[in-house]
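Comments concern the structure below.
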Amino acid sequence: MTPANLEAILPLSRFLARLVESRPEIGDALRADLTTPWSAQAMRAFLAAGAANEEALRPGLRQLRARVMARVVARDLAGLADLAEVTETMTTLADVAVEHAAAVLMARLVDRHGTPRSAAGEAQALIVIGMGKLGGRELNVSSEIDLIFVYPEDGETDGDGARLSNFEFFTRLGRQLIGALAEMTGDGQVFRVDMRLRPNGESGLLVSSVEAFRQYQMESAWVWEHQALTRARFSAGD
């Protein structure tokens, strides 16, 4: 696509026109390449270069979203992207953002409290389950993401200072992850996050062990919750 073609489609989207006007580097990138959609590899490379620590995480995630959104919209308006590409790209963005943010935030918590371990000493990591449109790989440009947080086993961290139970550790990680994605900053937000599909919904604990999750599904969950799990998909973590 030539620069003239890009200029021709800008009037078709107020969102895209404003984005290009406010962030000239995005317009330059679109003029340089609209032939290929963003890949997971390219997204990970962008975050590795510009959002490698907690301080850079929020702005880096939002900068990536702006660039991905701009190319998705431009390719769609130019007739270069079909619906399958739009939903796959947005789903990939969500997976990569969750995966990267969880890794960065967990590394900081491990520095402070040690690695969470099972009673047998095995290292534990957060399991992020994508539900709804995320689970079905059907995200569109305005979708929120439905998540469930689970960790493998109970235990505690192995730090030299004040130790945390695995439940406390992953609850902190879950809250920080939601904030990194959903907090509204000057650069906007990455995704709205909905946690209401977790066990007991809004009144339930933010995270649960695999065994507690299993017991809830076997003993307490409603039929509609079992039906919702048919769209569940591993999104990030262990």
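So the values come out like this:
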| item | result |
| --- | --- |
| Alpha carbon convex hull of the stretch 68-156, volume per residue in cubic angstrom | 99 |
| Rounded to whole Hz, the Karplus (6.51, -1.76, 1.60) HN-Hα couplings of the stretch 35-48, x for glycine and proline | 7, 10, x, 5, 9, 4, 4, 5, 5, 5, 5, 4, 6, 4 |
| Pair ASP28, GLN215: separation of 7 Å Cα→Cβ label points (nm) | 5.8 |
| The stretch 62-110 - Rg over Rh from alpha carbon coordinates, Kirkwood radius | 1.15 |
| Taking the chain and dividing mean pair separation by its residue count, relative contact order in percent (alpha carbons under 8 Å, at least six apart) | 20 |
| Shape parameters for the stretch 105-154, alpha-carbon atoms, Rg then Dmax in Å | 14.9, 44 |
| With Cα atoms, 0 to 90° folded angle of helix 210-219 axis to the chain main axis | 80 |
| Nearest 10 degrees, 0 to 90: helix 54-77 Cα axis against the chain principal axis | 40 |
| Assigned charges on the beta-carbon of Lys, Arg, Asp, Glu; the chain dipole about Cα centre (debye) | 540 |
| Ratio Rg/Rh, restricted to the chain and using Cα atoms, in which Rh is the Kirkwood radius | 1.03 |
| For the stretch 1-84, alpha-carbon Rg over 2.2 N^0.38 Å | 1.11 |
| Using distinct alpha-carbon pairs, which all enter the 1/r mean, Kirkwood radius of the stretch 141-234 in Å | 14.9 |
| Degrees separating the helix 166-182 axis from the principal Cα axis of the chain, which is the longest one | 20 |
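Where a number appears in this text, it was derived from the coordinates with a stated rule and is not lab data. Since the structure is predicted, the reported quantities are computational estimates derived from the model, not experimental observations. Methodologically, a virtual Cβ is constructed for each residue, glycine included, from the backbone with ideal geometry; neighbour enumeration extends over all protein chains shown.
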